[in-house]
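Q: Quick one: the structure is below, and I'll ask about it shortly.
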Amino acid sequence: MNITEQSAYRPERVAIVGSGVIGCGWAVRALAAGAEVVAYDTDVDTARRRLAETVDIAWPSLIRRGLAEEADRDRWRVTDDLADAVGQADLIQENVPEQLALKQTVLSDIDGAAPMDALIGSSTSGIKPTELAAGCGHAPERIFVAHPFNPVYLLPLVELVGGERTSAATIEAAQAAYRGLGMRPLVVRREIEGHIADRLMEALWREALHLVNDGVATTEEIDAAVVYGAGLRWSLMGTFLTFHLAGGEAGMQHMLEQFGPALKLPWTKLQAPELTDELIERVVAGSEHQAAGRSVAELEARRDAFLTDLLGLVERYWPEAEGLTGRI
Ligand code: NAD
């Protein structure tokens, strides 16, 4: 592929390396965009079963969102040979477990077997691209972080992060390629642990764990605080624009004057609580109680139907988002 191209470019052949929750999500997104998918995993049988199940779960929502003309839900296969998976690929997405040494080895193997002009993205939630590519001696300039969100086949955001050796042309080409898969690339200006979105989610997650640990609230009550309040606004306006409106007609300026002093109050704990057996038991039991006997698959189907409607709403009320919310 021409890696200087700047607009949307749909990769023809996508290789998935590590086909668990996220790898299967990527695979189905690529199928919906009309690409051909070859998936590699060390556990081929499980990967094949999971990928077939993910296609079954995701396809109804993807039909509602709109499939590419060339989309074919059966245009995939799973292999136990890494070179077979990546040898012909335009875009390679690495999704093995979040362990630095494992990812370094797998990325180095990919680097050795992939075409020179292939893009190599890692789904890592928190590791910096420079560390990931440390063992890659072949063509490290085409390796970067492409961090998605679960379910990958519906959520449009992908954070793109270049490392010290990633070329600017690669990040340009990656934007075009992920746009071609119907995504909303967000280029992170500087590599940091956790990128942007996970850093934000981690802060909320730590506070939520403290609230459970301190006996202030149950998991269900904390989820209610997000679902019926802040979360509804976040899905349209994020944090800053939401607070701009919280300041009344003077906007953010007044909001900061009024609530700025609260930043000095000891509201937040910031450090994570110790993950004791008792806290784990409370969080797991609370989540099971909320699931109320519904399987993960049932909850996924409900989530996907909801997200499909919600994406439509964001497009309706935020027309500037048209084309950025996962439509292919
Ligand atoms: P997972 O455990 O569901 O899947 C990992 C897969 O990798 C498994 O199928 C496993 O068999 C396979 N694997 C293990 N070693 C391998 C190897 N050497 N070569 C090929 N395959 C191998 O994990 P996941 O949740 O899909 O996470 C994968 C990556 O995506 C991680 O880096 C994670 O941080 C990132 N991520 C996860 C989420 C999430 O919500 N789960 C969101 C964004 C990013």
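Q: If we scan the stretch 316-323, do we find a residue that is of a type in the set (D, E, K, R), within 30 Å of Q175 (Cβ to Cβ), in a loop (DSSP other than H, G, I, E, B) and not assigned by TED's automatic domain parsing to the domain that holds R50? Step through it out loud before you land on a result.
A: Keep residues of the stretch 316-323 that are of a type in the set (D, E, K, R), which gives 316, 320, 322.
Next cut, within 30 Å of Q175 (Cβ to Cβ) only: 316, 320, 322.
Remaining after also requiring in a loop (DSSP other than H, G, I, E, B): 322.
When the remaining residues are screened for being not assigned by TED's automatic domain parsing to the domain that holds R50, the result is 322.
Within the stretch 316-323, one or more residues are of a type in the set (D, E, K, R), within 30 Å of Q175 (Cβ to Cβ), in a loop (DSSP other than H, G, I, E, B) and not assigned by TED's automatic domain parsing to the domain that holds R50.
Q: Quick check: is even one residue across the stretch 169-184 away from the ligand (no atom under 14 Å from the Cβ), of a type outside the set (G, A, S) and not in a helix (DSSP H, G or I)?
A: Looking through the stretch 169-184, at least one residue is away from the ligand (no atom under 14 Å from the Cβ), of a type outside the set (G, A, S) and not in a helix (DSSP H, G or I).
Q: Please verify whether the stretch 129-147 includes one or more residues that are hydroxyl-bearing (S, T, Y), in the same structural domain as D72 (by TED's automatic domain parsing) and under 15 Å from the mean Cα position of the chain (by Cα). Spell out how you get there, then give the answer.
A: First pass over the stretch 129-147, keeping only residues hydroxyl-bearing (S, T, Y): 130.
In the following step, the residues that additionally are in the same structural domain as D72 (by TED's automatic domain parsing) were identified as 130.
Next, from what is left, pick out any that are under 15 Å from the mean Cα position of the chain (by Cα): none.
No, the stretch 129-147 contains no residue that is hydroxyl-bearing (S, T, Y), in the same structural domain as D72 (by TED's automatic domain parsing) and under 15 Å from the mean Cα position of the chain (by Cα).
Here's the yes/no breakdown for (1) under 25 Å from L157 (Cβ atoms); (2) outside any helix (DSSP H, G or I); (3) modelled with pLDDT under 90:
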position	(1), (2), (3)
E221	no, no, no
V227	yes, no, no
G231	yes, no, no
W234	yes, no, no
Q253	no, no, no
Q258	no, no, no
A262	no, no, yes
P266	no, yes, yes
K269	no, yes, yes
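Q: Could you list, in sequence order, all residues of the stretch 22-31 that are near the ligand (Cβ under 6 Å from one of its atoms) and touching a helix residue (DSSP H, G or I) at 6+ places or on another chain (Cβ under 8 Å)?
A: Of the stretch 22-31, the ones near the ligand (Cβ under 6 Å from one of its atoms) are 22-23.
Hit for the stretch 22-31 is G23, nothing else.
Q: Kindly indicate the residue of the stretch 32-55 that is part of a helix (DSSP H, G or I) and not hydrophobic (A, V, I, L, M, F, W, C) and also farthest from the ligand (Cβ to nearest atom) among those meeting that condition. Can you show your working first?
A: Step one: of the stretch 32-55, the residues part of a helix (DSSP H, G or I) are 32, 44-55.
Those left that are additionally not hydrophobic (A, V, I, L, M, F, W, C): 45-46, 48-50, 53-54.
Values: D45: 10, T46: 6, R48: 11, R49: 11, R50: 7, E53: 13, T54: 11 Å.
Across the stretch 32-55, the extreme among qualifying residues is E53.
Q: Turning to a different aspect of this structure: May I ask you to list the residues in the stretch 104-127 that are surrounded by fewer than 17 Cβ atoms within 10 Å (Cβ to Cβ) and within 8 Å of the ligand (Cβ to nearest atom)?
A: Residues satisfying the conditions are T105, G126.
Q: Looking only at residues that are within 16 Å of the ligand (Cβ to nearest atom) and among the β-branched types (V, I, T) in the stretch 56-84, which one is surrounded by the most Cβ atoms within 10 Å (Cβ to Cβ)? Steps first, answer last, please.
A: Applying the first criterion (within 16 Å of the ligand (Cβ to nearest atom)) to the stretch 56-84 yields 57-58, 76-84.
Keeping just the survivors that are among the β-branched types (V, I, T) gives 57, 78-79.
Numbers: I57: 17, V78: 23, T79: 17.
Among them, the one singled out is V78.
Q: Related question: Quick one: how many residues across the stretch 87-116 are in a loop (DSSP other than H, G, I, E, B) and over 19 Å from V37 (Cβ atoms)?
A: First pass over the stretch 87-116, keeping only residues in a loop (DSSP other than H, G, I, E, B): 87-90, 95-99, 114-116.
After this cut, where a residue has to be over 19 Å from V37 (Cβ atoms) as well, the list is 97-99, 116.
Residues that pass the stated criteria total 4.
Q: Assess whether L160 counts as being within 20 Å of G112 (Cβ to Cβ), within 16 Å of the ligand (Cβ to nearest atom), touching a residue at least 24 places away in the same chain (Cβ under 8 Å) and of a type outside the set (D, E, K, R). Give the steps one after another, and end with the answer.
A: Details: within 20 Å of G112 (Cβ to Cβ): no; within 16 Å of the ligand (Cβ to nearest atom): yes; touching a residue at least 24 places away in the same chain (Cβ under 8 Å): yes; of a type outside the set (D, E, K, R): yes.
So L160 fails the test.
Q: Given (1) more than 11 Å from the ligand (Cβ to nearest atom); (2) within 22 Å of L307 (Cα to Cα), where does P11 come up short, assuming only one miss?
A: (2)
Q: Here's a follow-up. Test D41 against the stated conditions and say whether it is buried (at least 24 other Cβ atoms within 10 Å of the Cβ), charged (D, E, K, R) and under 24 Å from D304 (Cβ atoms). Quick ask: steps written out before the conclusion?
A: Working: buried (at least 24 other Cβ atoms within 10 Å of the Cβ): yes; charged (D, E, K, R): yes; under 24 Å from D304 (Cβ atoms): yes.
Taking the combined requirement at face value, the residue satisfies it.
Q: Quick test of your reading of the structure: R29 fulfils all but one of (1) buried (at least 17 other Cβ atoms within 10 Å of the Cβ); (2) outside any helix (DSSP H, G or I). Name the failing condition by number.
A: (2)
Q: Okay, next question. Mind counting the residues in the stretch 127-158 that are within 14 Å of E94 (Cα to Cα) and in contact with a Gly (Cβ under 6 Å, 6 or more places away or on another chain)?
A: 5
Q: Based on this model, can you work out whether L100 counts as more than 8 Å from the ligand (Cβ to nearest atom), surrounded by fewer than 17 Cβ atoms within 10 Å (Cβ to Cβ) and at pLDDT 95 or above? Write out each step before concluding.
A: Working: more than 8 Å from the ligand (Cβ to nearest atom): yes; surrounded by fewer than 17 Cβ atoms within 10 Å (Cβ to Cβ): yes; at pLDDT 95 or above: yes.
The answer is yes for L100.
Q: Additional query: Consider the stretch 85-97. How many of its residues are within 15 Å of the ligand (Cβ to nearest atom) and farther than 30 Å from D198 by Cβ? Break it down stepwise before answering.
A: Initial filter on the stretch 85-97 (within 15 Å of the ligand (Cβ to nearest atom)): 85-86, 89, 92-97.
Now restrict to residues that are farther than 30 Å from D198 by Cβ: none.
Count: 0.
The values are calculated or read from the model by the stated rules, or taken from the named source; none is laboratory data. From a predicted model like this one, the values you see are computed outputs, not experimental measurements. Glycine also receives a Cβ, built like all others from the backbone with ideal geometry; neighbour counts cover every protein chain displayed.
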